[in-house]
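The values are calculated or read from the model by the stated rules, or taken from the named source; none is laboratory data. Predicted model only: the values in this text are computed from it and were never measured. Don't worry about glycine lacking a Cβ; one is built from the backbone with ideal geometry, like all the others, and counts go over all protein chains shown. We work out accessible area using only protein heavy atoms, side chains counted, and drop any ligands, DNA or RNA first. Shrake-Rupley method; radii C 1.70, N 1.55, O 1.52, S 1.80 Å.
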Amino acid sequence: MKTIGIVASPRKNGNVDTLVQAVLAGAKEAGHETVKYDLNEMKFQGCQACNYCKTHNGTCRLNDDLAPLLKDIAEADAVVFGTPIYFLQPCGQFRLMQDRLFSFLKPDFTVTLKPGKKAVIVTSQGNPDAALFAGAVKGLEQTLTMYGFKPPAVIQMTAGNSPGAVKERQDLLDKAKAAGKAL
Ligand SMILES: Cc1cc2nc3c(=O)[nH]c(=O)nc-3n(C[C@H](O)[C@H](O)[C@H](O)COP(=O)(O)O)c2cc1C
């Protein structure tokens, strides 16, 4: 079993990174092979809308740092999607990656990914009110459902302006680890 973690936050060991690490630690305890990708350290472009993937068996024309990640998503049993909330939505690094998932869609918009993969969504926001950005989480859930993932577990960090704030949230760290163990 393989679980990959995607961290879109530019803050190393910040709130999203720490929670994704906790999910991966749980998955590792459950016997999974785990890999973490830090998008901010990777050089990649957004989808060029060239439709090359539609005539080349889902292969993206861009041979950049996202190519191994896309291959890993296709092979993984579970994926942890971690992003901070910037301006009410997933941050730019995450959005660029998400657009590249377009290569998993056939011309008729059916999905090439094996259905039934598991997922965990990890978000962190500065605002203390979790309900405020429920729409961003819902949007991600809908995308993953469209791609054939099982309904994802959601870990939502609030009041996360300080990168170490999550260290005070043992409840969320425990929830993240449990979500990883359940993958
Ligand atoms: C460019 C930018 C935009 C942000 N927009 C929001 C926002 O719309 N709502 C919010 O609650 N927090 C916002 N924040 C705060 C981040 O969501 C918060 O710092 C987050 O918890 C960081 O997670 P991290 O430690 O994993 O990087 C923003 C921060 C930045 C840098």
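Antiparallel beta bridges, as assigned by DSSP with both residues in the chain, represent about 10 percent of the total such bridges. P(r) tail, the chain: Cα-Cα pairs separated by more than 23 Å, 37% of all pairs. On a per residue basis, the range 8-100 carries 49 Å² of accessible surface, using protein heavy atoms and a 1.4 Å probe.
Inter-label distance, residue 61 to residue 145: 3.4 nm, where each label sits 7 Å from its Cα along the C-beta direction.
What ranking do 56-69, 86-99 get when scored by the average of other Cβ atoms within 10 Å per residue, highest first?
86-99, 56-69
Angle of helix 170-181 to the longest C-alpha principal axis of the chain, folded into 0 to 90 degrees and rounded to 10: 40°. Size of the range 70-178 from its Cα atoms: along the principal axes, largest to smallest, the extents are 44, 29, 21 Å. The aspartates and glutamates whose alpha-carbon is closer than 12 Å to the alpha-carbon of residue 12, local same-chain residues fewer than 8 away aside, are 38, 41. For a straight C-alpha distance cut-off of 18 angstrom, the lysines reachable from residue 2 (same-chain residues fewer than eight places away being disregarded) are 28, 36, 71, 114, 117, 118, 150, 177, 181. Semi-axes of the equivalent ellipsoid of the range 106-160 are 27, 11, 7 Å, computed as sqrt(5λ) over the eigenvalues of the C-alpha gyration tensor in descending order. Model label points for residue 95 and residue 25, set 7 angstrom from Cα along the Cα-to-Cβ axis, are 3.3 nm apart.
If the chain linking residue 170 and residue 35 were pulled fully straight, counting 0.36 nm for each residue of separation and taking away their Cα-Cα distance, it would gain 46.3 nm. When only alpha carbons are used to place a centre, the range 53-92 and the range 130-169 end up 17 Å from one another. Entry note, the chain: the mean residue ellipticity at 222 nm calculated from DSSP H runs of n ≥ 4, each adding -39500 (n - 2.57), is -10500 deg cm²/dmol after division by the residues and rounding to the nearest 500.
Fully extending the segment from residue 106 to residue 45, taken as 0.36 nm per residue of separation minus the present Cα-Cα distance, adds 19.9 nm.
Taking the charge dipole of the range 2-181 about its Cα centre, with +1 at Lys and Arg Cβ atoms and -1 at Asp and Glu Cβ atoms, the residue from 112, 139, 178 reaching farthest to the positive side is 112.
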